[in-house]
Amino acid sequence: MSTKNVDEGMDDLSTQFEQMLTKITTLRTKVAAILEENSELRIENEHLRELLGAAEKKHQGVRELSQSKKNLEKLYNQGYHICNQYYGKRREENESCIFCTDIIYGER
């Protein structure tokens with residue numbers, strides 16, 4: 001093998017090595033960016049889970065009715081007024097009554 005062939009082979013090898021180094025550097029940068037984004041998304045996901053949990057607890061607290069309110073709700077759903085103004089009267093065509101719903105679901 002001649003010196004010229006060895007030099008050309010070394011130059012080719014050196015060029016390939018530099019190209020690989022450039023690719024490795026690029027890949028490292030991309031991996032670092034992906035890892036950073038992954039960490040940010042994990043933190044955001046945890047925060048959203050906490051918010052969702054708090055909202056569910058709040059929602060459950062609002063939705064839970066006492067037994068007496070459940071009974072009133074049952075009468076209301078059967079088509080009767082439970083408000084002071086129309087108590088016991090049939091609701092025509094099951095129209096809603098703001099007074100009845102306030103008694104059942106209002107904050108007291």
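Values in this text are rule-based calculations from the coordinates and carry no lab data. Since the model is a prediction, treat every value here as computed from it, not as a measurement. Here the Cβ positions follow ideal geometry from the backbone for every residue, glycine too, while neighbour counts run over all protein chains shown.
Couple of notes before you dig in:
- Cβ-placed point charges (K, R +1; D, E -1), dipole of the stretch 1-64 about Cα centre in debye, nearest 20: 420
- Once each of the chymotrypsin sites (Phe, Trp or Tyr not before Pro) sitting in a DSSP loop with at most 15 other beta-carbon atoms within 10 Å is removed, the chain keeps 1-85 as its longest stretch.
- Proximal aspartates and glutamates relative to residue 4, as straight alpha-carbon distance under 18 Å, when same-chain residues fewer than 8 apart are discounted: 12
- Normalised by the number of residues in the chain, the average gap of Cα pairs under 8 Å and 6 or more apart makes the relative contact order 14 percent.
- Degrees separating the helix 67-77 axis from the principal Cα axis of the chain, which is the longest one: 80
- Ignoring aspartates and glutamates fewer than eight residues from residue 58 along the same chain, the ones with Cα atoms less than 14 angstrom from its Cα are 50, 107.
- Among the GluC sites (Glu not before Pro) in the stretch 16-108, those located in a DSSP loop and surrounded by at most 15 other Cβ atoms within 10 Å of their own Cβ are 64, 95, 107.
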